[in-house]
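The values are calculated or read from the model by the stated rules, or taken from the named source; none is laboratory data. These figures come from a predicted structure and were not determined experimentally. Cβ coordinates were reconstructed from backbone atoms using ideal geometry, including for glycine residues, and neighbour counts include every protein chain displayed.
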Number of protein chains: 2
Amino acid sequence: MQRTDYPATGAWHIGLPAGRRQFVHLGERAVALDVGATLRDVTIAYETWGTLNDDASNAVLICHAWTGDSHVAGAAEEGHATPGWWEGIVGPGLAIDTNEWFVVCSNVLGGCQGTTGPASPHPDDGTPYGSRFPVITVRDMVRAQLRLADSLGVRRWHAVVGGSMGGMQALEWAITYPARVDALVAIGTCLQSTAQQIAWGAIGRRAIRIDPKWRGGDYYDAAVGDGPWQGLAVARMVAQVTFRSDNVFTDRFGRDLADADAENSGIGLWDKFEVERYLDHHGDRLVRRFDTNSYLLIGKAMDLHDVARGRGGLAQAMRRVASRTLAMGISSDILYPTYQQRQIRDLVAANGVEAEYVEVDSPHGHDAFLIDTAQVGEPLRRFLQQG
Amino acid sequence: MQRTDYPATGAWHIGLPAGRRQFVHLGERAVALDVGATLRDVTIAYETWGTLNDDASNAVLICHAWTGDSHVAGAAEEGHATPGWWEGIVGPGLAIDTNEWFVVCSNVLGGCQGTTGPASPHPDDGTPYGSRFPVITVRDMVRAQLRLADSLGVRRWHAVVGGSMGGMQALEWAITYPARVDALVAIGTCLQSTAQQIAWGAIGRRAIRIDPKWRGGDYYDAAVGDGPWQGLAVARMVAQVTFRSDNVFTDRFGRDLADADAENSGIGLWDKFEVERYLDHHGDRLVRRFDTNSYLLIGKAMDLHDVARGRGGLAQAMRRVASRTLAMGISSDILYPTYQQRQIRDLVAANGVEAEYVEVDSPHGHDAFLIDTAQVGEPLRRFLQQG
């Protein structure tokens with residue numbers, strides 16, 4: 001909360017290095033949204049690894065989580081502020097082996113790393129959408145990804161894979177387009193966001209809303225340091241605590257003070273414990289590479305996530321799934337407890353479709369799907385090769 | 001977040017009906033604080049139930065939690081915005097039987113319901129302390145309570161009892177003044193706040209800090225609706241989620257929308273789910289009866305809570321305890337997990353002092369100590385009578 005040299009948005013925009021990004025421009029082929037509106041001139045940013053085979057049967061779609069983007073693998077480099085978010089899982093010889101699979105990951109609709117989102121220019125006037133950007137749902141994200149699949153010539157994914165909100169997208173793929181998904185991998189995710197998950201999301205939204213620099217969503221012309229970065233940083237703190245676990249925080253930070261060598265006694269109202277410095281650091285990193293409106297909208301999409309909506313209930317919705325399924329849970333996940341992934345396995349299996357549940361035994365909480373790559377990777381590798 | 005007719009502070013102040021409150025004025029006998037400062041002209045507001053017996057051996061001190069006050073029992077009435085916070089536990093014939101025990105509860109130092117706190121007039125100029133109020137610790141709260149005990153003629157408490165931050169005070173009583181505490185009851189609390197607990201506290205503090213209406217702590221002359229109530233409401237949301245549990249939220253709220261009958265589809269960015277309305281309701285209630293600076297300071301006191309500080313370590317500190325001890329945990333408490341109360345029992349017992357651990361089997365999370373009064377009351381009644 002000390003720094004002030006943040007730009008108003010960390011969104012990628014045209015004119016910056018594209019890095020590994022490729023783009024599909026949908027032009028006048030508007031994307032119809034659940035909210036009733038449509039979006040035209042949508043751009044989808046994506047990255048690929050490996051080679052699509054002749055019968056286009058080796059394509060794997062990876063869906064990213066809240067603050068992820070298309071950069072699943074690879075170094076932090078020009079155009080990409082951070083290294084691949086699933087390094088250790090995706091690459092030559094790794095669990096999602098890019099020598100074998102043609103791997104695709106796109107930035108979600110409403111995101112801020114190349115795909116059309118609230119920081120993108122509105123086609124009417126070329127200025128950022130800001131508060132004009134509509135609420136989007138996970139289904140809307142998947143609807144946009146379908147266009148990408150078409151443009152790539154992928155009629156049927158060998159697998160759609162995702163953790164957290166990525167898993168929500170994978171589930172919606174399997175339910176909405178069952179003929180186009182051979183296999184489904186859903187990690188640390190759920191069929192319907194629960195009241196507690198919604199509550200966490202709502203707190204982050206409120207923190208952003210009370211930041212006067214958010215300006216109702218129209219802050220893109222704000223000077224450096226005058227954007228809504230403080231509200232975003234607080235919202236990120238909430239998420240970051242729910243992504244981890246009590247015992248790992250205790251082991252790593254305990255009651256250590258930040259700047260213990262300095263004169264501060266630790267007893268001042270704003271003196272920081274080490275865990276606070278850690279949370280600040282994560283907030284800092286996010287503020288530099290993300291957009292506050294995207295954070296709001298994607299969070300709302302997760303709260304609205306409910307595979308049953310408009311489908312006659314949960315069991316009815318899940319009867320549409322024809323993809324063999326791997327559901328993975330994390331033993332210490334307080335945000336998406338393991339009963340939610342067991343429920344995925346149970347409902348898919350109830351329809352006679354092959355489904356298994358694997359539990360990652362990790363102390364790291366929800367983020368274990370990003371951290372414990374060995375434990376996550378082995379069942380994933382095996383499952384992909386079985387197909 | 002819709003209402004705006006809140007006063008700048010919900011603190012009680014002189015001129016309002018006192019209700020059941022009594023007062024001790026310490027005058028020039030300053031209270032020395034851990035932070036190094038002293039407070040003079042301190043007033044302690046307290047309530048009592050029952051009658052102190054001739055040898056002053058039947059006095060029970062109850063210590064309140066974060067947003068509690070001296071009003072443990074009794075109706076909401078003139079001077080008391082809310083009913084007693086431990087109704088069902090304290091009263092004639094109840095677990096803490098006021099026919100048998102002389103029960104005392106005081107508002108903590110730094111509080112806002114009659115005891116000197118940041119909304120109180122500074123003795124130098126008669127205007128509220130605001131940002132001038134020092135950081136206080138749980139030990140400081142107990143130091144002030146010692147003065148109250150002296151003024152009441154209580155040399156030795158039959159028991160000191162508390163849940164959550166009340167339990168922190170009870171622990172500090174037993175460690176700091178072992179000769180004055182016969183028995184200790186610590187419910188849903190800990191010996192040292194953990195990194196995760198600190199992280200939750202820090203998030204609430206940041207939410208208040210980014211509310212421009214907080215004004216660095218000097219907001220007491222703000223007009224109605226212009227005080228820092230939005231930041232306080234967000235901070236309270238964080239606490240409220242950690243006080244409850246996933247399954248109870250699911251059972252009670254599910255994915256129901258607030259105002260489902262209205263035209264809103266639930267899909268607007270600020271449309272509320274029922275769980276959000278519930279959190280708003282709790283925020284509303286708190287804003288009306290609490291003071292934002294008190295909320296900040298008391299939260300910081302909890303984060304600073306560490307019975308080991310300055311005592312040569314945890315085991316060394318706990319060797320001071322001579323009080324027989326009842327530690328109680330709640331099976332579904334995500335904020336103060338039961339390992340923390342078992343640790344209290346273990347460390348007291350390790351010194352050959354009678355200590356037991358009782359677990360409340362409840363789905364209600366941390367707040368079960370306020371909700372499941374039958375389960376909490378029975379061991380408490382038995383333990384008090386054993387003395």
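The residues of segment B:80-101 include none that are in contact with a Pro (Cβ under 8 Å, 6 or more places away or on another chain) and modelled with pLDDT under 95. Tallying residues that are within 20 Å of A:Thr127 (Cβ to Cβ) and under 23 Å from the mean Cα position of the chain (by Cα) within segment A:1-29 yields 10. Tell me which residues, restricted to segment A:322-356, are of a type in the set (S, T, N, Q) and either within 25 Å of A:Leu370 (Cα to Cα) or touching a strand residue (DSSP E or B) at 6+ places or on another chain (Cβ under 8 Å) (or both). Those that are of a type in the set (S, T, N, Q) and either within 25 Å of A:Leu370 (Cα to Cα) or touching a strand residue (DSSP E or B) at 6+ places or on another chain (Cβ under 8 Å) (or both): A:Ser323, A:Thr325, A:Ser331, A:Ser332, A:Thr338, A:Gln340, A:Gln341, A:Gln343. All of A:Ile187, A:Ile208 fail the test of being aliphatic (A, V, I, L, M), assigned by TED's automatic domain parsing to the domain that holds A:Ala235 and either in contact with a Phe, Trp or Tyr (Cβ under 8 Å, 6 or more places away or on another chain) or modelled with pLDDT under 95 (or both), apart from A:Ile208. The lone criterion from (1) within 14 Å of another protein chain (Cβ to nearest Cβ); (2) farther than 29 Å from A:Val234 by Cβ; (3) surrounded by 13 or more Cβ atoms within 10 Å (Cβ to Cβ) left unmet by A:Gln22 is number (1). Per the listing A:Arg205, A:Arg236, the residue uniquely among the charged types (D, E, K, R) and more than 9 Å from every other protein chain (Cβ to nearest Cβ) is A:Arg236. Look at segment A:114-137: where a residue is outside any loop (DSSP other than H, G, I, E, B) and surrounded by 22 or more Cβ atoms within 10 Å (Cβ to Cβ) and a partner is aromatic (Phe, Trp, Tyr) and modelled with pLDDT of 95 or more, sitting 6+ places away or on another chain with Cβ atoms under 7 Å, you get A:Pro128/A:Tyr220.
Restricting attention to segment A:215-238, the residues being buried (at least 21 other Cβ atoms within 10 Å of the Cβ) and among the aliphatic types (A, V, I, L, M) number 6.
Applying the criterion of at least 3 residues that are touching a Gly at 6+ places or on another chain (Cβ under 9 Å) to the helices (runs of 4 or more DSSP H) found wholly in segment B:291-387 leaves B:292-304, B:338-349, B:368-371, B:373-386. In segment B:367-387, the qualifying residues are those that are in contact (Cβ under 8 Å) with a residue 40 or more places away in the chain and of a type in the set (Val, Ile, Thr), and the one that is surrounded by the most Cβ atoms within 10 Å (Cβ to Cβ) is B:Val376.
One residue is enough: does segment A:161-168 have a residue meeting the conditions closer than 26 Å to A:Trp49 by Cα, assigned to a strand (DSSP E or B) and either modelled with pLDDT under 95 or of a type in the set (A, V, I, L, M) (or both)? Within segment A:161-168, one or more residues are closer than 26 Å to A:Trp49 by Cα, assigned to a strand (DSSP E or B) and either modelled with pLDDT under 95 or of a type in the set (A, V, I, L, M) (or both).
Scoring A:Arg255 on the criteria (1) among the basic types (Lys, Arg); (2) farther than 24 Å from B:Gly310 by Cα; (3) facing chain B (nearest Cβ under 7 Å) leaves a single failure, condition (2). Here is the figure for segment A:200-257: residues that are small (Gly, Ala, Ser) and outside any loop (DSSP other than H, G, I, E, B) total 10.
For segment A:264-279, the criterion of a residue being part of a helix (DSSP H, G or I), within 23 Å of the chain's Cα centre (by Cα), farther than 25 Å from A:Gln169 by Cα and in contact (Cβ under 8 Å) with a residue 12 or more places away in the chain is satisfied by at least one position.
Restricted to strands (runs of 3 or more DSSP E) entirely inside segment B:10-103, those with at least 1 residues that are touching a Lys or Arg at 6+ places or on another chain (Cβ under 6 Å) are B:43-49.
Being within 12 Å of chain A (Cβ to nearest Cβ), among the hydrophobic types (A, V, I, L, M, F, W, C) and surrounded by fewer than 17 Cβ atoms within 10 Å (Cβ to Cβ) is true for just one of B:Ala315, B:Ala308. Which residue is that?
B:Ala308
Flag: B:Asp261 does not match the condition of being at pLDDT below 95 and part of a helix (DSSP H, G or I). Under the condition of being surrounded by 24 or more Cβ atoms within 10 Å (Cβ to Cβ) and under 30 Å from A:Arg382 (Cα atoms), the residues counted in segment A:275-305 number 1.
Taking only segment B:53-82 into account, find how many residues are over 16 Å from B:Val181 (Cα atoms), touching a residue at least 60 places away in the same chain (Cβ under 8 Å) and in contact with a strand residue (DSSP E or B) (Cβ under 7 Å, 6 or more places away or on another chain).
Number of matching residues: 3.
Within segment A:66-95, the residues that satisfy the criterion of being crowded, with 18+ Cβ neighbours inside 10 Å and either over 30 Å from A:Gly204 (Cβ atoms) or touching a Phe, Trp or Tyr at 6+ places or on another chain (Cβ under 8 Å) (or both) are A:Trp66, A:Thr67, A:Gly68, A:Asp69, A:Ser70, A:His71, A:Val72, A:Ala73, A:Val90, A:Gly91, A:Leu94, A:Ala95.
Here A:Val248 does not qualify as crowded, with 24+ Cβ neighbours inside 10 Å and within 11 Å of chain B (Cβ to nearest Cβ).
Of the residues B:Ile187, B:Ile175, which is within 19 Å of B:Leu109 (Cβ to Cβ) and either surrounded by fewer than 24 Cβ atoms within 10 Å (Cβ to Cβ) or aliphatic (A, V, I, L, M) (or both)? Step by step, each of B:Ile187, B:Ile175 is checked, and only B:Ile175 is within 19 Å of B:Leu109 (Cβ to Cβ) and either surrounded by fewer than 24 Cβ atoms within 10 Å (Cβ to Cβ) or aliphatic (A, V, I, L, M) (or both). Hey, does segment A:355-366 have a residue that's free of Cβ contacts under 8 Å to residues at least 24 places away in the same chain, surrounded by 18 or more Cβ atoms within 10 Å (Cβ to Cβ), closer than 21 Å to A:Pro337 by Cα and assigned by TED's automatic domain parsing to the domain that holds A:Ile175? There is no residue in segment A:355-366 that is free of Cβ contacts under 8 Å to residues at least 24 places away in the same chain, surrounded by 18 or more Cβ atoms within 10 Å (Cβ to Cβ), closer than 21 Å to A:Pro337 by Cα and assigned by TED's automatic domain parsing to the domain that holds A:Ile175. Of the candidates B:Ile198, B:Ile210, the single residue that is at the interface with another protein chain (Cβ under 8 Å from one of its Cβ atoms), under 30 Å from B:Gly329 (Cα atoms) and among the aliphatic types (A, V, I, L, M) is B:Ile198.
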